[in-house]
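The values are calculated or read from the model by the stated rules, or taken from the named source; none is laboratory data. On a predicted model such as this, the values are computed, not experimentally measured, just so you know. Quick reminder, even Gly has a Cβ in these numbers, built from the backbone with ideal geometry, and neighbours come from all protein chains shown.
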Amino acid sequence: MNLWYLAHPYSCKGLLKGKEWKNVELSIWKTCELMDKGYNIFNPLAHSVPIHEVKPREDAFWYELDLVILSKCEGIIMCNGLTSWKESKGCMLEYERALELGLEIREFEGL
């Protein structure tokens, strides 16, 4: 089974502050669309955000866990949310790690 990692912005700044759950919802819709196309997707927002709501943890904890999972994937799919993935600290960390690991990198908009 080929597993793909979905990189999607979570945090919102400025005028969009407080819209984090909208980004989670958008990421889940994109996950469903990719699954319908035959991709096996790990969506860190769908996994981590509900757990964080029950028992909050530092951002570093989630970044470390996500990067471990990313290392097990065939590739990463970069997605825009309410903001560009290029403006997201987490997405950029994931992107840079994917480059280091030599993973295939795709953009959602082109699939």
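Side notes on the structure shown:
- Spans of strands (runs of 3 or more DSSP E) in segment 1-92 with at least 3 residues closer than 16 Å to residue 105 by Cβ and at pLDDT below 95: none
- Of note, residue 30 satisfies the criterion of being basic (Lys, Arg) and touching a residue at least 40 places away in the same chain (Cβ under 8 Å).
- The criterion of being of a type in the set (D, E, K, R) and over 24 Å from residue 2 (Cβ atoms) holds for residue 53.
- Residues in segment 87-111 that are over 20 Å from residue 33 (Cβ atoms) and either surrounded by 13 or more Cβ atoms within 10 Å (Cβ to Cβ) or under 12 Å from the mean Cα position of the chain (by Cα) (or both): 87, 89, 90, 92, 93, 95, 97, 98, 101, 103.
- Listed by first and then second residue, the pairs linking a residue in segment 82-101 that is within 15 Å of residue 67 (Cα to Cα) to a residue that is surrounded by fewer than 12 Cβ atoms within 10 Å (Cβ to Cβ) and not polar (S, T, N, Q), with Cβ atoms under 8 Å apart and 6 or more places separating them unless they lie on different chains, are 92/86.
- Any hit, segment 99-106, residues being of a type outside the set (Gly, Ala, Ser) and either within 12 Å of residue 8 (Cα to Cα) or modelled with pLDDT under 95 (or both): no
- Among residues of segment 60-87, those that are of a type outside the set (Val, Ile, Thr), touching a helix residue (DSSP H, G or I) at 6+ places or on another chain (Cβ under 8 Å) and within 19 Å of residue 23 (Cβ to Cβ), counted: 12
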